[in-house]
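One structure below.
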Amino acid sequence: MMNSRRKFINKLGFVPFFLKTAANNSTVIKPIVISTWDAGIRANVKAWEVLSKGGSALDAVEQGVMVTENEKSCCVGLQANPDRDGKVTLDASIMDHHFNCGSVAFLPRIKHPISVARQVMEKTPHVMLVGSGALQFAVQSGFKLEPDTLSPEAQQHYETWLKESLYKPTPNIENQTNYPKVSPNNHDTIAMIAMDSFGNMAASCTTSGMAFKMSGRVGDSPIIGAGIYVDNNIGCAAGTGQGEDSIRIGGSQRIVHYMEQGLSPKLACKKAIEKIIAIKKEQAKNIQLAYIAFNKKGEYGGYALQKGFTFALYNKHTANKLIDAPFLI
């Protein structure tokens, strides 16, 4: 009966909206959550707990990365390595399926900057708050001030850095031997993207920034369009690595645009990496940059500039698997 109806409709030369919707929904893999690096495995567990119970993608990406903010990490949360002045400052961003977004940067003494970023999104007319203003907003919103001290591990790392590294930066970062390079031990981010059972997407990113950065440095993590980007009709993307270069190309928004043009998530991420190589040329071998993405169908992918980037995938077909991303150099 259904086949006869479809044949009749085909003869008419059009497909009604309800049949298009049914066909598209049948191919969508949802819910899904993807996050960067091996820390993403643990973060995904919490995010999937939210998604598997019918919760929103927005709640999932907030609660997921909060797991990493709670952990001992070189690069995320208050226990991370400090900047060159011995201070830990945090950056975070979050975005939902309605293009609502919020972020904080250069935020000290707050355990969960991702939650402050969500409050900026939901409770203020702004997108980004920074420094003392972000701290004032956080305290007024009920967030607890944590002690202004380094963790024992971070204190040890900082003292070692002071002995071995110069404080004075040089203009050409790529040739500066004391500038901390992005590596598995200094990758500076956890980023997470998710789609819930309703087909709505969200993204988050949180970081303490690159270890021993110059005071006041902000990378791509809190920059909407660079660190994360969501278009609910197309897909979403997030990045990790040397944030300065993701800012240069608006990496995450660029990837979503590539998917809008018809590229798969994997190829869209690859094309963004190729853009960085075209800009940086020989200097590209000194940095790491990587992206994750999925589209409206739940098709996913990731790509890195160099070997070593991994991302964690959790969907109804794959129970929290760590994947080695392809790379270009």
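The values are calculated or read from the model by the stated rules, or taken from the named source; none is laboratory data. Predicted, not measured: the structure shown is a model, and the values here were computed from it. FYI the Cβ positions are ideal-geometry reconstructions off the backbone, even for glycines, and counts take in every protein chain you see.
Where residues in region 212-248 are small (G, A, S) and part of a strand (DSSP E or B), which of them is surrounded by the fewest Cβ atoms within 10 Å (Cβ to Cβ)?
At the first step, the residues of region 212-248 found to be small (G, A, S) are 215-216, 219, 221, 225-227, 235, 237-239, 241, 243, 246.
Filter once more, keeping what is part of a strand (DSSP E or B): 235, 237-239, 241.
Numbers: G235: 26, A237: 35, A238: 35, G239: 34, G241: 28.
Out of the qualifying residues, it is G235.
Taking only pairs six or more apart or across chains, which ones have beta-carbon atoms under 8 Å, a first residue in region 298-322 that is closer than 11 Å to W48 by Cβ, and a second residue that is small (G, A, S)?
A312/S35; A312/G40; A312/A43; Y314/A47; N315/G298; N320/A312
Would you mind stating whether I292 is under 13 Å from the mean Cα position of the chain (by Cα) and modelled with pLDDT of 95 or more?
Values: under 13 Å from the mean Cα position of the chain (by Cα): yes; modelled with pLDDT of 95 or more: yes.
When the stated conditions are applied, I292 passes them.
For region 57-73, check the following and say yes or no: at least one residue is on the phi < 0 side of the Ramachandran plot, modelled with pLDDT under 95 and buried (at least 19 other Cβ atoms within 10 Å of the Cβ).
Scanning region 57-73 turns up at least one residue that is on the phi < 0 side of the Ramachandran plot, modelled with pLDDT under 95 and buried (at least 19 other Cβ atoms within 10 Å of the Cβ).
Go through region 312-329 and give me each residue that's in contact with an Asp or Glu (Cβ under 9 Å, 6 or more places away or on another chain) and in a strand (DSSP E or B). So that I can check it myself, show each step before the final result.
Filtering region 312-329 down to residues in contact with an Asp or Glu (Cβ under 9 Å, 6 or more places away or on another chain) leaves 312, 322, 328.
Correct list: A312, L322.
Inspect region 157-168 for any residue being surrounded by 12 or more Cβ atoms within 10 Å (Cβ to Cβ), closer than 30 Å to L305 by Cβ, within 27 Å of the chain's Cα centre (by Cα) and modelled with pLDDT of 50 or more and give the result as yes or no.
Within region 157-168 (the criterion being surrounded by 12 or more Cβ atoms within 10 Å (Cβ to Cβ), closer than 30 Å to L305 by Cβ, within 27 Å of the chain's Cα centre (by Cα) and modelled with pLDDT of 50 or more), the answer is yes, since at least one residue qualifies.
Among (1) within 19 Å of H97 (Cβ to Cβ); (2) assigned to a loop (DSSP other than H, G, I, E, B); (3) within 15 Å of the chain's Cα centre (by Cα); (4) polar (S, T, N, Q), where does Q253 come up short?
(2)
Could you please find all residues in region 47-56 being crowded, with 21+ Cβ neighbours inside 10 Å and over 23 Å from Y303 (Cβ atoms)?
Filtering region 47-56 down to residues crowded, with 21+ Cβ neighbours inside 10 Å leaves 47-48, 50-51.
Across region 47-56, the qualifying residues are W48, V50, L51.
Looking at I94, I114, which is the one that is touching an Asp or Glu at 6+ places or on another chain (Cβ under 8 Å), at pLDDT 95 or above, surrounded by 24 or more Cβ atoms within 10 Å (Cβ to Cβ) and closer than 29 Å to E159 by Cα? Working first, answer last.
Numbers: I94 fails: closer than 29 Å to E159 by Cα.
Result of the check over I94, I114: I114.
Could you please find all residues in region 257-302 being touching a Leu at 6+ places or on another chain (Cβ under 8 Å) and in a helix (DSSP H, G or I)?
Looking only at region 257-302, we keep the residues that are touching a Leu at 6+ places or on another chain (Cβ under 8 Å), and these are 258, 270-271, 273-274, 276-277, 284, 287-290, 300-301.
Listed by number, the residues that qualify are Y258, K270, K271, I273, E274, I276, I277, A284.
Residue by residue through region 86-104, note down the ones that are charged (D, E, K, R) and within 14 Å of the chain's Cα centre (by Cα). Quick ask: steps written out before the conclusion?
Kept after step one, since they are charged (D, E, K, R), are these residues of region 86-104: 87, 91, 96.
Matches in region 86-104: D91, D96.
For region 311-320, give me each residue that is surrounded by fewer than 20 Cβ atoms within 10 Å (Cβ to Cβ) and either at pLDDT 95 or above or not basic (K, R) (or both). Let's see the steps before the verdict.
Taking region 311-320 first, the residues surrounded by fewer than 20 Cβ atoms within 10 Å (Cβ to Cβ) are 316-320.
Those that are surrounded by fewer than 20 Cβ atoms within 10 Å (Cβ to Cβ) and either at pLDDT 95 or above or not basic (K, R) (or both): H317, T318, A319, N320.
Name the pairs whose Cβ atoms lie under 7 Å apart, with the first residue in region 211-239 and farther than 21 Å from Y303 by Cβ, the second at pLDDT 95 or above and aromatic (F, W, Y), and 6 or more positions between them or separate chains?
Taking only residues 6 or more apart or on different chains, the pairs are G216/F106; V218/F106.
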